[in-house]
Each structure stands twice: as C-alpha cells, then as structure tokens.
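No value in this document is a laboratory result; all are computed from the given coordinates. For clarity, every value in this text was computed on a predicted model and none was experimentally measured. Cβ atoms come from the backbone with ideal geometry, glycine included; neighbour counts cover every protein chain shown.
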Amino acid sequence: MDLEQKDWTAKQKEYDNLVVLDVRTPEEYAEKRLPQAQILDINDARSFMEGLEQLDKSKAYFVYCRSGARSARACAVMQQYGFPIAFNLLGGILAWDGPTE
C-alpha cells in the first residue's frame, strides 16, 4: 500500500513489531537514511531475494527508497512472497521531512 509520509509514520504507531526497510544501494544508504532502517538493495536481485528469505513475515514492513519507485516494486515482490503487511513511502527519502541519520 502506498502512503504519504504523514500516513506512513502514523501507520507505524499501529504496529509493535515493525521494520523500516531501505531498498536503495549501499552507497545511497551510507549517505542518508531513516532512523533504524535496515538495508536490502532491490537492485541486487539475488541478494534481495536471499534477504527476503531471512525476514519475518509476521512483522509489518515500512519500505522506502529514493523516490518511491523501487520501494513500490519491493512491496509488490514482498506481497507475492507472502508478506501481508508492506507499506511504500510515496516520494521516498527525497520527499521525507523528518529525522535522518
């Protein structure tokens, strides 16, 4: 599900067991990221799929990238692989108006 930042952050309050997932490259992640975000680079398809296998499907995933396109794709793949709760941040980190690391 695609959500704007205010809805994306508000939705996080509904879940005790959530993961913020950054699907950008390691270089992008190193430059700037959301607090407590885990990286899983969707551009590295093999690594991404291997990483998905390690994730807990019972958790809620809040997924972002640079502009929202890769994270939308990641959410679609995650849902195909049995992840029932995955939210895409519309506009990605470019549109983010909040704390970063």
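Counting Lys and Arg as +1 and Asp and Glu as -1 over every other residue whose Cβ lies under 10 Å from the Cβ of Leu40, the net charge comes to -3. Taking the square roots of five times each eigenvalue of the Cα gyration tensor of the range 17-75, the equivalent ellipsoid has semi-axes of 16, 14, 11 Å, listed largest first. The H on the amide N of Val19, modeled in the peptide plane, is under 5 Å from the matching H of Ala60, Tyr61, Phe62, each at least 5 residues off or on a different chain.
Would you tally the net charge around Leu18, using a Cβ to Cβ cut-off of less than 15 Å, leaving Leu18 out, and scoring K and R as +1, D and E as -1? Net charge around Leu18: -1. Of all aspartates and glutamates in the structure, those lying under 12 Å Cα to Cα from Lys6, and not within fewer than 8 positions of it along the same chain, are Asp97. Here are some values of Kirkwood radius over Cα pairs in Å: [x] 21.0; [y] 15.0; [z] 13.2. Which one was computed from this structure? For Kirkwood radius over Cα pairs in Å, the calculated option is [z]. For Pro84, what charge total do you get from the other residues with a beta carbon under 11 Å from its beta carbon, if Lys and Arg give +1 and Asp and Glu give -1? Result for the neighbourhood of Pro84: +2.
Listed by chain and number, the aspartates and glutamates placed with their C-alpha closer than 13 angstrom to that of Lys11 are Asp2; residues fewer than eight positions away on the same chain are left out. Taking Cα centre as origin and charging only the Cβ of basic (Lys, Arg, +1) and acidic (Asp, Glu, -1) residues, the dipole magnitude of the chain rounds to 160 debye.
Shown here for the range 1-83: GluC sites (Glu not before Pro) in loop regions (DSSP other than H, G, I, E, B) with at most 10 other Cβ atoms within 10 Å, namely Glu14.
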